[in-house]
Structure formats: structure tokens, C-alpha cells
1. Would you mind giving the mean number of other chain beta-carbons within 10 Å of the Cβ of each residue in A:124-131, as a whole number?
2. Just A:A154, A:A187, A:A34 to compare: in a GNM of chain A, with alpha carbon springs under 10 Å, which one fluctuates most?
3. Fewest first, what order do A:D32, B:D46 take by the number of other Cβ atoms within 10 Å?
4. Label chain B by shape, choosing from rounded, prolate and oblate, from the square roots a ≥ b ≥ c of the eigenvalues of the Cα gyration tensor; if a/c is under 1.5 it is rounded, and otherwise prolate applies when a/b is larger than b/c, oblate when it is not.
5. Mind putting a number on the dipole of the range A:148-219 about its Cα centre? Charges go on the C-beta only, +1 for Lys and Arg and -1 for Asp and Glu, and I need it in Debye to the nearest 20.
6. Cβ under 13 Å from A:E174's Cβ, A:E174 left aside: what net charge do those residues give with Lys, Arg +1 and Asp, Glu -1?
7. Determine the shielding of peptide A:65-76 by partner chains: average, over its residues, the number of Cβ atoms on other chains within 10 angstrom of each Cβ.
8. About the Cα centre of the protein assembly as shown, how large is the charge dipole given +1 on each Lys and Arg Cβ and -1 on each Asp and Glu Cβ? Please answer in debye to the nearest 20.
Protein chains: 2
Amino acid sequence: MLRCRRCGVRQLALFNDLTDDDFKLVHLPIEDMAIAKRAILYNAGDNANALFTLRSGLIKLTHYLADGSQRVVRLVRPGGTIGLEALVSDSFAHHAEALQDSTLCRIPVAVVEKLDRESPHLHKQLLTRWHQAVMESDNWLTQMSTGSARERVARLCLYLCDDADDSCVLPGREDIGAMLGITTETASRIIAEFRRNGHLNPRCRSEFDLDVKALQVVAGLDHEAA
Amino acid sequence: MLRCRRCGVRQLALFNDLTDDDFKLVHLPIEDMAIAKRAILYNAGDNANALFTLRSGLIKLTHYLADGSQRVVRLVRPGGTIGLEALVSDSFAHHAEALQDSTLCRIPVAVVEKLDRESPHLHKQLLTRWHQAVMESDNWLTQMSTGSARERVARLCLYLCDDADDSCVLPGREDIGAMLGITTETASRIIAEFRRNGHLNPRCRSEFDLDVKALQVVAGLDHEAA
DNA sequence: CGCATCTTTGAACTGGTTCAAGATCCGTGG
DNA sequence: CCACGGATCTTGAACCAGTTCAAAGATGCG
């Protein structure tokens, strides 16, 4: 718990603006955990008695469709909250799977409920988190399920882009397909195309340096009026 | 305010499980209002000092894209809450426009904040509402932006279906396009097709009786294993 | 080293778009 | 009350982005 106060992502995470007094209210253990790429954090319908804050890595939340295929509903990046629904429902609504090795904090629902009741700080924070989840959902729809396949892939690259060095780690083609609502082949072809024209430059297997400007133009979120 | 306690949609609406004591906490006016089809409830960025509960009608929430076109992010049906973001932000995140003549209650943010602080009932209710908003967003994505155009139109018809008599009022083709991520022409063609094969039977201009079973099969959300 | 998995590429096909022309609906004013 | 004009809806035909199916490279792991 002490660690929360020194946590690297504290600025972003759920407990970001708790005071020292707030922290005193916490009695149950907040568990520090790591899961490997491809590991399942939880499945839809699983009993939900804790929620999670992502410290590092990348988590995808998916819905499985009637026909067995999956659709990625949104991604969670470091600082984001996973499984908020635990507070109002006794089971999880999505499948949560790690796209990269990830570290997270597992926070029992009881802790959040107590803080929610007794700390105005966290209470507000909680509403804000929920708001963010809605905004991210909406954004995901307009960014990743709208426009041509080329636009979508470009937007995904930018979304995954590490601002520090304009690099990004792309998930498997099948996951990309499930995120963008396109086939793995189309995803593959477009990435190949971006590689050919230098919008995407491979560092190693799945890590790329990106030409942000060029991708923004392709994505259509841009000042192409130049 | 007394009216809230007798409200027809009370079972569904934000204030559904408030006690009499809770109601005593309300001092500011809750305004009863009606807006016509095509009217704008608010625009993205508008100053947000109230939220809304929909009593009757249908509201669309949209994002405008860089290229000027719009994308419907989700629909709100009677009983739903509109503009929750007013609680955590000082401006609205979407454009809210009526697809049908609608009646709503306008609830000042101050009222909700006060109740949120002082009524555990409403507090829980509020988190639930937020959860619903997320779920609906996610659902909207998997239902209305996934699969073939035919599947999507079928799902939209079922979504808009009035369970009481298996009828539905379809919005303009352009709106349908913006909801499903397809062109107005495609929407028109598919509706014409549904009409030809009797999945959709016109009552008047925009109201249809629907063959629910058949549409469920087309939508793919179904026991077609028969 | 060899097998399983994932990615890339090719070629044919098709669902949906695009552009364009009619048809239909509806409010308005004569 | 009807005729006009703008908007919405429908339909057709050509086109193209993306899918599908299939097969050939990569990659990684035991």
C-alpha cells in the first residue's frame, strides 16, 4: 500500500489524488501482480470481486460474438482501470487478455467501496474513471471502426505509438483484425504497404519506428490542407 | 418533483429507487421538457450544468469526424440517462439530437451532486447508470459496427423494435447509415430487400411491422441450428 | 532439426460504394 | 385544394476495396 504513494503511474492511476488520510482507510491487501502476454486476466461472467489498475503493458477487452469470433471492444493502456463493473455487478462484462507482458494492481472491491464512501477524493475520481471508460469506448468506435481499412490501421498505429520515441509494438495480425473489424490478410497487406512506403520501419519482429506525420495524413485526422 | 414519484418510467429512470427522504433533499427545480424531432438537445462542448432523463422518444448521440461526416455513437431510449458527463466535466462530449419527438426531465447537476453525497441509493444508482452507458457503448459497437450490412440493419430493426407489438419506427436513411457505418444507398437497398421478402411490412411511411424471428436469423443472433 | 503457428502474397470474387437519374413525399404559397 | 420545389428515398450500373481461399515464406519452440 505504501507503494501506491510512490507508484510511477500514480498520476494516472485510480488512486492518484488520495491524501494520506485516505490511505489510512485501506486495510485489505492491494495485490501487485504480473501476467504474461496472451494470459487471461478474467473472462466474461467470472466472479468480480476486485478491479485492476494497469501499471505497464497492454490489455485488450473483448466481446465474443454469436459466431465464435471476437471483437475487441477497447484497449487499456498503463494508468487505465480494468473491470470497474465489479463495483456494480458481480461478474465481469468482457474478456480481458494481455497483449503484452503486463503488471497491474489488484484492488479488492471492498477497498474501493470503503474509499468511495469515505473519501470525496476517490469518489470523484471514480466517476471520472467511469466517464473515461465511456469516452474511450466512444473514441474506439469512431477511431477504429470508421473509415477505410488503411485509415483504421494508421489510427491504430498512432494509438499504440509511444510518444517518447515514436515507436510502437504491433499485436498479432489476428488481434489487429479483431480490433479494426477487418480480416488478418487485409491487416497484413496494409502493414506491408506502410512498410514499403516508409510509414512504418521495423526495428525487430513486431516493433516499428513510425512516421507520425505521414500516418496522421493517412488517418485523416489532419491538416492535410497544407 | 412530486411527479418524479409517479413517473411512468420511474422503474427505469435515474431516480428509480429514491426514498421519500431522498426526495426531501431536492431543492432545485427539475424541469420537464419536450423537444421536437430533429431538435438539438445540446452540442459537443456546450456548457454542461444539467443532465437528462429520457421519458419518451429517441435521442442519438453523435461524434463529428474530421471530414465533417458524423458517426452515431449510441442511441438513448426512454428510461436512459443523457449527458452524465456533466457530473465530471464542464462540457458535453457528444451532440445530442432527437430522432423522434421526445420528452425529458432536465436535472441540474447540483441536484444530482447533492443526492449523490447524501443518498446511498442514488449514489449506487449513479454508478450503475455509468456502467450501463459503457455497456451500451460496447454493445453498440458489437451490434451495429460488426458483420455485414444486412446483419447490421437487421440488428438495428430489432434494437428499435417495440416489444409490445413488434413494430418499429425507422429513422431517415442517412441516420441509419451514420449508425451502422454504411452509406444511405446501402441502407435503402437492404430495407427495400427486407420489405420484399416480408421481414419488414410498412404501416405508414416510416413505421413497420417486423418479422422478429426472420430478422433474428438474418442478424445472426440466433438458434439457426434448427 | 522439425513441426506448429503466424505472416505474407497471389488471384478470383463479391459486397458495398459511388455517381447519377428517377420517384416519392411534404410543406408552402398561390 | 392543388401545384410547385426542395428534400429524402429508391434504383441502376460501373467500379473498387476488402474478402476469401489457397499456398508459400517466416518464426519460434521443443
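1. Across A:124-131, the average partner-chain Cβ count within 10 Å equals 5.
2. A:A34
3. With the fewest neighbours first, A:D32, B:D46 line up as A:D32, B:D46.
4. prolate
5. 300 debye
6. Cβ neighbours under 13 Å give a net charge of +1.
7. The mean count of partner-chain Cβ atoms within 10 Å per residue comes to 3.
8. The calculated dipole for the protein assembly as shown is roughly 260 debye.
The numbers here are math on the coordinates, done by the rules we state, and not lab data. If you're wondering where the values come from, they're calculated on a predicted model, not measured in any experiment. FYI the Cβ positions are ideal-geometry reconstructions off the backbone, even for glycines, and counts take in every protein chain you see.
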